[in-house]
1. Using per-residue counts of other Cβ atoms within 10 Å, averaged over each peptide, order 134-144, 269-279 from highest down.
2. Using Cα-Cα distances under 8 Å and only pairs 6 or more residues apart, what relative contact order does the range 486-718 have, in percent?
3. So if I restrict to the alpha-carbon atoms in the range 253-386, what is the Rg, and what is Dmax, the biggest pairwise distance, in Å?
4. Determine the distance separating the Cα centre of the range 298-312 from the Cα centre of the range 354-408; give it in Å without decimals.
5. Please report, as a whole percent, how much of the solvent-accessible surface of the chain comes from carbon and sulfur atoms (probe radius 1.4 Å).
6. Can you give the relative contact order of the chain as a percent, counting alpha carbon pairs under 8 Å and 6+ residues apart?
7. Would you mind calculating the gained length between Phe303 and Asp137 on full extension (0.36 nm times residue separation, minus the Cα-Cα distance), in nm to one decimal?
8. How big is D for the chain, in µm² s⁻¹ as a whole number, if Stokes-Einstein is applied with the Kirkwood radius of its Cα pairs at 20 °C and 1.002 mPa s?
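The values are calculated or read from the model by the stated rules, or taken from the named source; none is laboratory data. Worth saying up front: this structure is predicted, and the values here are computed from it rather than measured. Virtual Cβ from ideal backbone geometry, glycine too; neighbours counted across all protein chains shown. Remember, those area values only see protein heavy atoms, side chains included, never the ligands or the DNA or RNA. Shrake-Rupley method; radii C 1.70, N 1.55, O 1.52, S 1.80 Å.
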Amino acid sequence: MDFRAILARFGRKGTLEFWMALLAGAALLATIAVVFYSLNHLADEVDRTDRKLTRQTAEAAVKSFIRKLHDGHQDYARWDDAATSLFGVPNPDFVQSSYADSTSTGIIFDTAFLIDENGKDLFALRDGQSLAISSRDYFGPALALILKRSDGPPGLYASSSGFFKTPDGIAAAVAGPVVPFSYGIPLEPGQKRMLVIARHLTTATVRRLGEEFVITGFAFADAQTPAEQSVVLSDPSDQPIGRLVWSIRTHGSNALATIHPVVSTILALLSLIMMAVVFTAWSNLRATMRSQEEAEHAASHDFLTGLPNRASLLATPIGGEKALRMQHDVCVVFLDLDGFKDVNDTHGHFAGDRALLGCAAGFSHITAGKGVLARVGGDEFAFLSTGPEALQTGRKVAEQLIEFLREPLRTPKGELRLGTSVGIAAGCSMDTTIHELLRRSDIAMYEAKKLGGNRIANYDANIDARMQERAALTHHLREALGAGEVSVNYQLIVDAATHEAKGVEALARWTMFDGRVIRPDIFVALAEEGGLIDVLGNYVLRRACMDALAWPAFHLSVNVSPVQFRNPRFEEMVGQALAETGFPADRLELEITERHLMIEPDIALEVMRRLKERGISIALDDFGTGYSSIGYLRTFPFDRLKLDRSICADITINANVQQLVQGTIAIARSMGLRVTAEGIEDEFQAKFLRLAGCELLQGFYFNRPMPASEIRPKVLEEA
Ligand code: C2E
Ligand code: MG
Ligand code: MG
């Protein structure tokens, strides 16, 4: 088994699981092995002990057999009647009744010999009959040995025994002198009577012995028969003449055989349970690891497109930091989709998501194998390339990305058109970081966007410096709004015919604590970008309303930023300002530029309607710049048109412009709009515009914007 291959299949995270399972499996096998070994060992031990005990029992049975024969011998040899009846010529009746009869029953002995002091047999009995064979021939030469061992001083009883091979089989025999039991019975001097009794180990005798001692299969076998368990029977000269054998008992093995299936079943069940436990633990572990992997993936990837996110881009192994340290070139291409917000707002978020998915798929295809692509923001993507060709790769990818978006994206909601603004920043030294490159490419991207989008901009340190300055200014503006550094000036708007002041335009002013004056077009843009426009706009509106309360004859014009206009609470905020200051709505005019209309025409129209319902008039400011279109005048319910000062300036020098202005004013008037001309700097302009049909004029020719305190004398003056 190739473990390395298995481990590779499990993967790095699976290694732990693999070892865990291996360990559990090994533990299970070890448990089974130990159980079976123990049981077998126990059974062997039981069998061994059993064999030992059976052998001891068999030996005890043999000893008992001999002892009983000894007891019998003592009863028949140490006997007063025998001492009197067997000496001299043995009394035949006594011999018959006491010995011959006993041999015929065979209970104590089945053979008896009486031998005198000369070794002559006085009687030889077998099964109640006289034997015509001498004791020496019957028992063999070994008989002499037990005769000798039991032959002691006259009158003293002793006995000796042994096994003998007789013509009738194997027999145990006991020999000993016949002596009186009681004292005082005299023995014939010079005479000796040796009684030899024997009992044959017949099949029945041995079987009974076996039954008595509970030895299964106890039987006689000859000396040559091999037997695992036996008691060898030897004659007094130690010659083996036979053996007793028995069936080997295997209680342990039998018990083992009985419990084997039970134990096997239990172990099988145990194995199943353990496998289930291990499997459950394994699954849980896998699930935990999977959710951990998922969490890690989620933390480093964008959930919508599945692309790496910003953090993951920065930590990517081929990532910039490492490459930078090794002094490789690193290039970051940053792109922001143009018009994505419109897709989201107009077609809904689902379409927006589909558009992002489409972009991600296309971008991934373009950048495949060239570097790392990540989604770093809502509609922002970044591509990172490293190596000596990093910048060239980055540029090529950037061009391909722009080219890709020239084709409309196909979504279930139809075709969507998007563009992209791309910023490129490259670095190759150790003094910059990937974070820094990302920031720089972001700045470059803003430049591309500012230039109209759908183009590439390279990072430029000057833009960066300007951006940083703007960031610092935004920071100051935030503080300035709180510290009252922002004020409102007013420029009078005069009647074109009489030059009589008819109203004022509120213009925000910011003089910094160090005396620096920041132009409104700059800080208004800062406020728009920095999320401060609502605060600024609200402040100017309230200030102007409060100031203008003192000039009841004047209309008040207040500029509104497109960003303010997009706020769904804008109309409510205007209403609140009017209510709280008590300024009449019909004296208020809001000036908006075409930018409002271009961005979200539907919303703009709706907001304008609601403002007009409140009695507020609306003027189209800076007409004649940018994308000026008479069409707007038809579509949107304007009350007034304000000709931009650049147009008015051109009147003096360009006859074509004069005609254009005359035509525009005529059309506007025909649509019921009144016209104000801004930026009047000389008498010619004032006259020309009056003659062309302008109702109101505004410009340095009449006055410059001034603080509220200076307006008052003018009002009185006009009065
Ligand atoms: P605008 O709304 O077109 O305001 C008129 C601008 O023309 C003012 O510049 C004014 O000072 C200038 N002006 C007036 N007469 C003449 C003239 O005869 N010659 C020249 N060269 N300029 C003249 P200002 O105050 O610098 O404001 C610039 C722009 O900043 C405004 O243009 C307006 O769009 C914006 N702005 C000013 N205050 C606010 C504000 O409170 N909110 C918003 N959203 N925008 C504001
Ligand atoms: Mg204005
Ligand atoms: Mg203007």
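1. The most tightly packed comes first, giving 134-144, 269-279.
2. Relative contact order of the range 486-718: 21 percent.
3. Rg then Dmax for the range 253-386, in Å: 27.0, 90.
4. Taking the Cα centre of the range 354-408 as reference, the centre of the range 298-312 is 15 Å away.
5. Answer for the chain is 56 percent, counting heavy atoms of protein chains only.
6. 7 percent
7. Going from the current span to full extension adds 48.3 nm.
8. 56 µm²/s
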